[in-house]
Each structure stands twice: as C-alpha cells, then as structure tokens.
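The values are calculated or read from the model by the stated rules, or taken from the named source; none is laboratory data. All of these numbers come straight from a predicted model, not from anything done at the bench. As a convention, Cβ positions derive from the backbone with ideal geometry for all residues, glycine included, and neighbour counts pool all protein chains shown. Surface accessibility is based on the protein's heavy atoms, side chains included, excluding ligands, DNA and RNA. Shrake-Rupley method; radii C 1.70, N 1.55, O 1.52, S 1.80 Å.
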Amino acid sequence: MSAVWYLMRGSGVVSLLLLTGALGLGILTRGGGRVPTLPRFATLALHRSLSLLAVTFIAIHVTAAVVDPYAGVALADLVLPFGAASQPLWVGLGALALDLVLALIVTGLLRRRIGQRAFRTVHWVAYAAWPLALLHAVGMGSDVT
C-alpha cells in the first residue's frame, strides 16, 4: 500500500474521532453543561476547535481519496452519493456525511447573518452526519490482506 492510502485511512479514523468529540461537546454545551475542569466558555472553545480540526482532517481524507488511484474516488463521488464505481453504498454514505458537514460549515460561517434559530436548526444535521460517517467507516473496512 502507498503512503497516500495510509494517509487516507489514518485521516478518516482521526476525522471520525474528532467528529465524535465535537458532537459530544456540542450536546454537552447545548444542554448547558461543561467539562468539569473547564469553564463554559472554554468548553465552547474546545467544541469549536475540535470541529475545525475535524474539518481539516476531513479535507485531508477526501483529498487523499481522490488522489489515491487504488481508492478510485472521483471528484463527483465526494458530493453526489451512491455513484462511485467501487463500493457505491459505503462511499455514498461518506458523501452524504460530507454534504451534511458542508452544511454545518456554511451555517457556522454565516451564523450572524442567518440568526441563531436557523443556525441551531441546521446544526441538528450533525446528529445525522455522525452515524453516516460511522457507517461509512465500518462499511469501507480495511483493504489490508
């Protein structure tokens, strides 16, 4: 296997772990909670930082998937679900998760313009993005023989 293959797999795993942490902190802060050793503002900052780091690793993951000839992922496969030549179901679930994360990014950037209510409404998709990403990861499995 090539270095790009390892980069794709590793960044995928790290992305899922970071998304898990960001989702957990989002749930915690929405409920008015905080990490016991941190003040509430620091918990919110940690949530934002984990989210940004997750987006960075997702970008690395999808870039590596397109660049890696073994993966065979086309640019269209990143956003158009279930059209991939290889493993269309599992790649499609990843594409759906990516589309939802892109909606989270856009609303996060436009938060002040769209208002708090619209921001929160769209951010409910995080509850769908995480299980889709998890199913994508489990379904893709490992190519190690």
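If you roll a 1.4 angstrom probe over the protein chains with everything in place, what fraction of the accessible area of region 44-92 belongs to carbon and sulfur, to the nearest %?
Working: 2150 of 2790 Å².
Whole-percent figure for carbon plus sulfur exposure: 77.
Over region 2-145, accessible surface divided per residue gives 59 Å², non-protein components excluded, 1.4 Å probe. Each label was represented as a point 7 Å from its Cα along the Cα-to-Cβ direction; for Leu38 and Leu52 these points are 1.3 nm apart.
Counting only whole DSSP H helices of the chain, the ones at least 24 Å long by C-alpha along their axis and with mean Kyte-Doolittle hydropathy no lower than 1.0 are 3-30, 40-67, 88-109.
Note on the chain: with charges restricted to the Cβ of Lys and Arg (+1) and Asp and Glu (-1), its dipole about the Cα centre is near 980 debye.
With the cut-off at under 14 Å, measuring from each backbone N in region 11-52 to a point 7 Å along the Cα-to-Cβ line of Ile114 picks out no residue.
Across the chain, the volume of the C-alpha convex hull divided among the residues equals 116 Å³ per residue.
Taking 0.36 nm per residue of separation and subtracting the current Cα-Cα distance, fully stretching the chain between His123 and Val79 would add 14.0 nm.
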